[in-house]
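J.: Dropping the structure in here first, questions after.
None of the figures in this text is laboratory data; all of them are computed from the coordinates on show. Note that this is a predicted model, so its numbers are computed, not measured. Note that we place each Cβ from the backbone using ideal geometry, even for glycine, and neighbour counts take in every protein chain shown.
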Amino acid sequence: MAFDFKKAYRELYQPKPEPGIVTVPKANYIAVRGKGDPNEAGGAYQQAISVLYAVAYTLKMSYRNSYAMQGFFEYVVPPLEGFWNQAHMEEGIDYANKASFCWVSVLRLPDFVMKKDFDWAVETAAKKKKLDCSAAEYLTIDEGLCVQMMHLGPFDDEPATVARMDAYVAQNGYVNDMGADRWHHEIYLSDVKKVAPEKYKTIIRHPIRKA
């Protein structure tokens, strides 16, 4: 069955400001990996975002380049997402030590975008934007069982939201399952250049398993 963007958006991208358990289906993404403080001006994270959007909008506007993808339909580029990891993160996240973060920044792809289409977009974006897009990869992620919640406010206030999620998980017979292969996940619904920090909307998602 084809991925239903509207249904997935309601279930996975519009959670309430209280914890809930979801099963996230396997999906394909444009991804760029890196390490370090995401707030560093001109740093690796900021460069990664530029690459992600260059490739994403090349795919979105492919029909204007006379590039045909089977099953193509016009769509809105989904919100930016990020997977975050630190050493010993299963023991807790050190939000103050941002330089120690490893991250994978991603933008979700429609199901009709195949690897060959992605490769075309990377090459085309690099030529048109005069931007090195070689760090972009076509990544398939199967998150599976997770707890998620809408976090309202600054990123540095996330620990209070995570504490509520942890309590909910424990009360319902689950445990957190973060580790080398399953990371802290954030989905950014606000444009941080236009919205005050106290109004940020960020989905926080953590992998879980039955206790």
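J.: Under unit Cβ charges (Lys, Arg +1; Asp, Glu -1), what dipole magnitude, rounded to 20 debye, does region 103-211 have relative to its Cα centre?
T.: 340 debye
J.: If you don't mind, another one. Can you give the charge dipole size of region 29-140 about its Cα centre, rounded to the nearest 20 debye, using +1 on the beta carbon of Lys and Arg and -1 on the beta carbon of Asp and Glu?
T.: It works out to roughly 580 debye.
J.: A further question on this structure: Compute the acute angle (0 to 90°) between the alpha-carbon long axis of helix 44-60 and the principal axis of greatest extent of the alpha-carbon atoms of the chain; round to the nearest 10°.
T.: Between the helix axis and the principal axis of the chain, the angle is about 50 degrees.
J.: For region 61-143, which trypsin sites (Lys or Arg not before Pro) are both in a DSSP coil and crowded by at most 16 other Cβ atoms within 10 Å?
T.: K130
J.: Per residue of the chain, what 222 nm ellipticity follows from adding -39500 (n - 2.57) for every DSSP H run with n ≥ 4, rounded to the nearest 500?
T.: -8000 deg cm²/dmol
J.: Let me ask something else. Could you work out Rg/(2.2 N^0.38 Å) for region 67-130, with Rg from alpha carbons only?
T.: It is 1.59.
J.: Spelling out what I want: for every residue of region 93-102, take phi, set θ = phi - 60°, compute 6.51 cos²θ - 1.76 cosθ + 1.60 (Karplus), and round to whole Hz; glycine and proline get x.
T.: Computed from phi, the couplings for region 93-102 are 9, 9, 5, 6, 9, 5, 5, 8, 6, 9 Hz.
J.: Could you go through region 186-199 in sequence order and give the Karplus-derived ³J(HN,Hα) for each residue, using 6.51 cos²θ - 1.76 cosθ + 1.60 with θ = phi - 60°, rounded to whole Hz, and x for Gly and Pro?
T.: My calculation for region 186-199 gives 10, 10, 9, 9, 10, 8, 5, 7, 10, 10, 5, x, 5, 10 Hz in order.
J.: Could you check which residue among V192, V147, V77 shows the biggest mean-square fluctuation in a GNM of the chain with a 10 Å Cα cutoff?
T.: Between V192, V147, V77, it is V192 that shows the largest mean-square fluctuation.
J.: Compute the Rg to Rh ratio over the chain from the alpha carbon atoms, using the Kirkwood formula for Rh, and round to two decimal places.
T.: 0.97
J.: Right, another one. Does anyone have the angle between helix 158-171 and the longest principal axis of the chain? Alpha-carbon axes, 0 to 90°, nearest 10?
T.: 70 degrees
J.: Starting from 0 in steps of 5 Å, tell me what percent of the Cα-Cα pairs of region 29-140 lands in each bin.
T.: 2, 12, 22, 21, 17, 11, 8, 5, 2, 1, 0
J.: Going down the table (K60/K129; K35/K194; K16/K194; K60/K115; K35/K128), which pairs top 18 Å between alpha carbons? Present the calculation step by step, with values, prior to reporting the outcome.
T.: Numbers: K60/K129 15 Å; K35/K194 26 Å; K16/K194 23 Å; K60/K115 15 Å; K35/K128 27 Å.
Long pairs (Cα-Cα over 18 Å): K35/K194; K16/K194; K35/K128.
J.: How many nm is it between the label spots at T140 and A99, if each spot is 7 Å from the Cα in line with the beta carbon?
T.: Spacing of the two 7 Å Cα→Cβ label points: 3.9 nm.
J.: Separate question: May I ask which residue of F73, H151, N85 lies farthest towards the positive end of the charge dipole of the chain, with charges of +1 (Lys, Arg) and -1 (Asp, Glu) on Cβ and the Cα centre as origin?
T.: F73
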